[in-house]
Amino acid sequence: RRVRIHDDNVSMARLRGGNKAYIEAKLPHISELLVADARDVIDGAAVIIVGAASPLYRELLEQERDKTVVDLVRLWDDTPDLPAYHGLCW
């Protein structure tokens with residue numbers, strides 16, 4: 001398996017100047033990991049680590065009963081009924 005990343009706030013095409021130079025120097029492979037569609041990331045994942053709160057992530061993950069979810073941001077106020085859900089650091 002390989003790591004894939006979805007983040008609506010990150011786009012290689014929008015990077016400019018110093019930010020672009022830093023990413024290209026320190027993380028040249030990041031563009032290979034970024035995926036535009038969150039569903040594509042979830043479909044191919046065995047373990048999902050959530051690092052940004054998003055209604056889209058809540059909606060998609062509520063349907064994923066067979067995947068391990070590690071929630072770093074507390075997506076839900078109440079712990080969801082997902083068998084392999086783990087809240088961490090909150």
Conditions (1) within 23 Å of residue 2 (Cα to Cα); (2) surrounded by 11 or more Cβ atoms within 10 Å (Cβ to Cβ); (3) hydrophobic (A, V, I, L, M, F, W, C); number of the one not met by residue 46
(2)
Contact list please: Cβ distance under 8 Å, first residue in the stretch 15-35 and over 20 Å from residue 45 (Cβ atoms), second residue not in a helix (DSSP H, G or I), pairs at least six apart or on different chains.
23/15
Options 58, 14, 39; residue that is under 11 Å from the mean Cα position of the chain (by Cα) and charged (D, E, K, R):
39
Enumeration of residues in the stretch 60-90 that are among the β-branched types (Val, Ile, Thr) and either surrounded by 13 or more Cβ atoms within 10 Å (Cβ to Cβ) or in contact with a helix residue (DSSP H, G or I) (Cβ under 6 Å, 6 or more places away or on another chain) (or both)
68, 69, 70, 73
Do you know which residues across the stretch 28-40 are of a type outside the set (D, E, K, R) and at pLDDT 95 or above?
38
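The values are calculated or read from the model by the stated rules, or taken from the named source; none is laboratory data. Being a predicted model, the structure only gives us computed values, none of them experimental. Positions of Cβ are backbone-derived with ideal geometry, glycine not excepted, and every protein chain shown enters the neighbour counts.
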